[in-house]
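K.L.:
I have a structure I would like to understand better, so I am pasting it below and will then ask my questions one at a time.
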Amino acid sequence: MSKYVDRVIADLKKKNANEPEFLQTVEEVYSSLAPVVDAHPEYEKAALLERMAEPERVIQFRVTWVDDAGKVQVNRGFRVQYNSAIGPYKGGLRFAPSVNLSIVKFLGFEQTFKDSLTTLPMGGAKGGSDFDPRGKSDGEVMRFCQSFMTELYRHIGPDVDVPAGDLGVGGREIGYLYGQYRRIRGAFENGTITGKGLSYGGSLVRPEATGFGAVYYLQEVLRHEGEEVKGKNIALAGFGNVAWGAATKIAQLGGKAVTLSGPDGYIYDPDGVTTKEKLDFMLQMRASGHDKVQDYADKFHCEFVPGKKPWERKVDIVMPCATQNDVNLEEAKKIVNNHIKYYIEVANMPTTNEALVYLMGQKDMIVAPSKAVNAGGVAVSGLEMSQNAEHICWTAEEVGERLHNIMKNIYDSSVAAAEEYGLGYNLVAGANIAGFKKVADAMLAQGICY
Ligand code: GLU
């Protein structure tokens, strides 16, 4: 391991001791970069690793709103503008009670590398709030979004920072956020937010993009092994928008998503989540706000396993699409004991570092990292920005084809980057290196400005 990387990680551990998720992701990314920084002493001279770990700007604000009972509620809002060396800040907003600065920083740091991998001109950012959308009425969600935007609007814009959705922020919330932005700005600047509805400048294929992109990436991995999605049983975790998109594309390609999970446990459907009725029901479950996957088992009469994760199932491929740290060392051992060959991360940082090192150390296992696999979502957000800038609307085929090409390109550039630095077929290190190089070179070229 490079001395420079070691020193930077040790300093960050001292300085950011109360930010565990942030430290976890920096350590994971920077430990892959040792051969690159060793080969390029100019990066250390420009203190690039130190600079990249420090967000360009952190905005934290109060969000006050009134609930249906007339009680005044106070939440915390965040926007971490991480890096704008290659384009305006870009990344989602997450509404969940677990949101804190460490989580938003980890997501924003990851986003910088992910957005770079797409090859589109987008910098990295993330934001959100500790607001819990569960059990809130539509009016409460709207008032919260309006209050949130009343502060956020001054920090964003089509060439400044372009937020989008993430956990707890879907089409409905984006609509309320954009409506308030439009009102305050007094202008139809719809390129300032992505994931919009089609009637006001959204892009076709955006709702499906993250899940579809993940399966396009999976296809490349399988092709490398002389295999295909057809006939494969796939364990998905989560049951939100990303898992829905993945299950849909898997079904189209003749595979089967056989598990879904939620905070209450997981379902096992040996026939697969393949029919339109089942896929539509996933959307209904999410929209219901119950946050329970058991509803699926009740409706389609399949097995529900309470309080557990689907990693104990023997399948061909595992794709965690839920949230961070869903797979710890103990869960990873179950996956290895079931001789599963493909571990395809989809959610942001779904694997603890300890579990990731363990999985990558397995001779017969292929591990693909989320920042590459789930980049299709933000990639189509980038395509939405282009369409908004040009006041045009591409067809679903045009967007789909671009997405497919971007995912292939992410895979190819990751493979090439790892090979270039003597790391062999290493998709995790390759994505980190390819994502890093573009941002690093842009920062070097622009001098010591940030
Ligand atoms: N939240 C999604 C992500 O993690 C989408 C971000 C975006 O579209 O800007 O990439």
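K.L.:
How many of the residues making up segment 111-140 are more than 16 Å from the ligand (Cβ to nearest atom), in a loop (DSSP other than H, G, I, E, B) and more than 22 Å from His155 (Cα to Cα)?
P.N.:
Selection size over segment 111-140: 5.
K.L.:
Quick check on my filter: what residues within segment 96-110 are within 12 Å of the ligand (Cβ to nearest atom) and within 19 Å of Leu177 (Cβ to Cβ)?
P.N.:
Val104, Leu107, Gly108 - these are the residues of segment 96-110 that are within 12 Å of the ligand (Cβ to nearest atom) and within 19 Å of Leu177 (Cβ to Cβ).
K.L.:
How about segment 258-356: which strands (runs of 3 or more DSSP E) wholly inside it have at least 1 residues that are open to solvent by less than 10 Å² (accessible area, probe 1.4 Å) and touching a residue at least 60 places away in the same chain (Cβ under 8 Å)?
P.N.:
Of the strands (runs of 3 or more DSSP E) lying wholly inside segment 258-356, those with at least 1 residues that are open to solvent by less than 10 Å² (accessible area, probe 1.4 Å) and touching a residue at least 60 places away in the same chain (Cβ under 8 Å) span 317-320, 342-344.
K.L.:
Which residue out of Phe144, Phe131, Phe109 is open to solvent by less than 10 Å² (accessible area, probe 1.4 Å), touching a helix residue (DSSP H, G or I) at 6+ places or on another chain (Cβ under 8 Å) and under 16 Å from Arg62 (Cα atoms)?
P.N.:
Phe131
K.L.:
What's the number of the condition Leu403 fails, among (1) more than 19 Å from Glu225 (Cβ to Cβ); (2) open to solvent by 10 Å² or more (accessible area, probe 1.4 Å); (3) of a type outside the set (Gly, Ala, Ser)?
P.N.:
All conditions pass for Leu403, except number (2).
K.L.:
Limited to segment 233-253, what total is found for residues that are among the β-branched types (Val, Ile, Thr) and assigned to a strand (DSSP E or B)?
P.N.:
Number satisfying all stated conditions: 1.
K.L.:
Another question, if that's okay. Name the residue that is most open to solvent (accessible area, probe 1.4 Å), counting only residues in segment 49-84 that are within 28 Å of Lys437 (Cβ to Cβ) and assigned to a strand (DSSP E or B).
P.N.:
Arg57
K.L.:
Name the one entry in Gly139, Gly123 that is in contact with a strand residue (DSSP E or B) (Cβ under 6 Å, 6 or more places away or on another chain) and touching a residue at least 40 places away in the same chain (Cβ under 8 Å).
P.N.:
On inspection, the qualifying residue turns out to be Gly123.
Here's the yes/no breakdown for (1) in contact (Cβ under 8 Å) with a residue 24 or more places away in the chain; (2) in contact with a helix residue (DSSP H, G or I) (Cβ under 6 Å, 6 or more places away or on another chain); (3) within 23 Å of Pro41 (Cα to Cα); (4) in a loop (DSSP other than H, G, I, E, B):
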{"residue": "Leu359", "(1), (2), (3), (4)": "yes, yes, no, no"}
{"residue": "Asp364", "(1), (2), (3), (4)": "yes, no, no, yes"}
{"residue": "Asn388", "(1), (2), (3), (4)": "yes, yes, no, no"}
{"residue": "Glu398", "(1), (2), (3), (4)": "no, no, no, no"}
{"residue": "Ile406", "(1), (2), (3), (4)": "yes, yes, no, no"}
{"residue": "Glu419", "(1), (2), (3), (4)": "no, no, yes, no"}
{"residue": "Gly424", "(1), (2), (3), (4)": "no, no, yes, yes"}
{"residue": "Ala431", "(1), (2), (3), (4)": "yes, yes, yes, no"}
{"residue": "Ala434", "(1), (2), (3), (4)": "yes, yes, yes, no"}
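K.L.:
Looking at (1) open to solvent by 10 Å² or more (accessible area, probe 1.4 Å); (2) in contact (Cβ under 8 Å) with a residue 24 or more places away in the chain; (3) more than 16 Å from the ligand (Cβ to nearest atom); (4) not in a loop (DSSP other than H, G, I, E, B), which one does Trp394 not meet, given that it meets all the others?
P.N.:
Result: Trp394 passes all but (4).
K.L.:
May I pose another question? Do we have Val5 as in a loop (DSSP other than H, G, I, E, B) and buried (at least 16 other Cβ atoms within 10 Å of the Cβ) here?
P.N.:
no
K.L.:
Moving on. Let me confirm something: among Ala46, Ala39, Ala96, which residue is surrounded by fewer than 23 Cβ atoms within 10 Å (Cβ to Cβ), within 24 Å of Gly240 (Cβ to Cβ) and not hydroxyl-bearing (Ser, Thr, Tyr)?
P.N.:
Exactly one of Ala46, Ala39, Ala96 is surrounded by fewer than 23 Cβ atoms within 10 Å (Cβ to Cβ), within 24 Å of Gly240 (Cβ to Cβ) and not hydroxyl-bearing (Ser, Thr, Tyr), namely Ala96.
K.L.:
Could you look through segment 178-226, keep only residues that are open to solvent by 50 Å² or more (accessible area, probe 1.4 Å) and basic (Lys, Arg), and pick out the one that is farthest from the ligand (Cβ to nearest atom)?
P.N.:
Taking the candidates together, the pick is Arg223.
K.L.:
Is one or more of the residues making up segment 162-171 free of Cβ contacts under 8 Å to residues at least 60 places away in the same chain and either assigned to a helix (DSSP H, G or I) or open to solvent by less than 30 Å² (accessible area, probe 1.4 Å) (or both)?
P.N.:
yes
The values are calculated or read from the model by the stated rules, or taken from the named source; none is laboratory data. What you see is a predicted model, and the numbers here were worked out from it, not measured in a lab. Glycine also receives a Cβ, built like all others from the backbone with ideal geometry; neighbour counts cover every protein chain displayed. Remember, those area values only see protein heavy atoms, side chains included, never the ligands or the DNA or RNA. Shrake-Rupley method; radii C 1.70, N 1.55, O 1.52, S 1.80 Å.
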